[in-house]
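Please read the structure below before turning to the comments.
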Amino acid sequence: MSSVRLRTDQIAKLRKSGNGAAIIRYAVARYKSGKLPVPEDYATMPQGCLHIYAVWRKPEGITDMLLRAILDAHFTTPDVERQQELERSIAHLDKIIEQEFALLASKGPFIIEDVEQGED
């Protein structure tokens, strides 16, 4: 187990997401691939109050100060390519669902019931 020092607002955003470690991994991957610009003067930016955030393994070659700058850039710069990919995937799945319901409707009237699965 390891830890990084992050600002309170960054920790709040990571906790709100439900999977902060995955966000850190994705933000660092965006940074390393060159798709996430980080200001060159990040070392001189005010840091504010820092708190410890536990992670399983620190990102290799990334200092806590650089990680804070990466997270700031990640939270403010949307990943347009990934968003478009997700929208295409959702549209594709919506078409499949629509086709399945059309197939059901062609067989006559039907009722959809919510059934709770209990213990056997």
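The values are calculated or read from the model by the stated rules, or taken from the named source; none is laboratory data. Just so it is clear, the model here is predicted, and its values are computed rather than measured. Cβ placement follows ideal geometry from the backbone for every residue including glycine, while neighbour counts extend to all protein chains displayed. SASA here: full protein model, heavy atoms, side chains in, ligands and nucleic acids out. Shrake-Rupley method; radii C 1.70, N 1.55, O 1.52, S 1.80 Å.
Among the residues of region 24-57, just one is among the polar types (S, T, N, Q), assigned to a loop (DSSP other than H, G, I, E, B) and over 18 Å from the mean Cα position of the chain (by Cα), namely Gln47. Scanning region 1-13 for residues that are in contact with a strand residue (DSSP E or B) (Cβ under 7 Å, 6 or more places away or on another chain) and open to solvent by less than 30 Å² (accessible area, probe 1.4 Å), we see that the one that is farthest from His74 (Cα to Cα) is Val4.
Give me a count of the residues in region 60-99 that are part of a helix (DSSP H, G or I) and either in contact with a Leu (Cβ under 8 Å, 6 or more places away or on another chain) or not hydrophobic (A, V, I, L, M, F, W, C) (or both).
Taking region 60-99 and keeping what is part of a helix (DSSP H, G or I), we get 64-76, 80-99.
Then drop every residue that is not either in contact with a Leu (Cβ under 8 Å, 6 or more places away or on another chain) or not hydrophobic (A, V, I, L, M, F, W, C) (or both), which leaves 64, 67-68, 70-74, 76, 81-85, 87-89, 92, 94-95, 98-99.
Looking only at that region, the number is 22.
A single member of Asp94, Asp114 is more than 30 Å from Pro39 (Cα to Cα), among the charged types (D, E, K, R) and loosely packed, with under 10 Cβ neighbours inside 10 Å, and it is Asp114. Which one is least open to solvent (accessible area, probe 1.4 Å), of the residues in region 26-44 that are of a type outside the set (D, E, K, R) and more than 18 Å from Val80 (Cβ to Cβ)? By that ranking, first place goes to Val28.
Being open to solvent by less than 80 Å² (accessible area, probe 1.4 Å), at negative phi and among the basic types (Lys, Arg) is true for just one of Arg68, Arg57, Arg82. Which residue is that? Break it down into steps so the answer makes sense when it comes.
On the way: Arg57 fails: open to solvent by less than 80 Å² (accessible area, probe 1.4 Å); Arg82 fails: open to solvent by less than 80 Å² (accessible area, probe 1.4 Å).
Answer to the selection: Arg68.
Condition test on Thr76, is it at pLDDT below 90 and of a type in the set (S, T, N, Q)?
Details: at pLDDT below 90: no; of a type in the set (S, T, N, Q): yes.
No: the conditions fail for Thr76.
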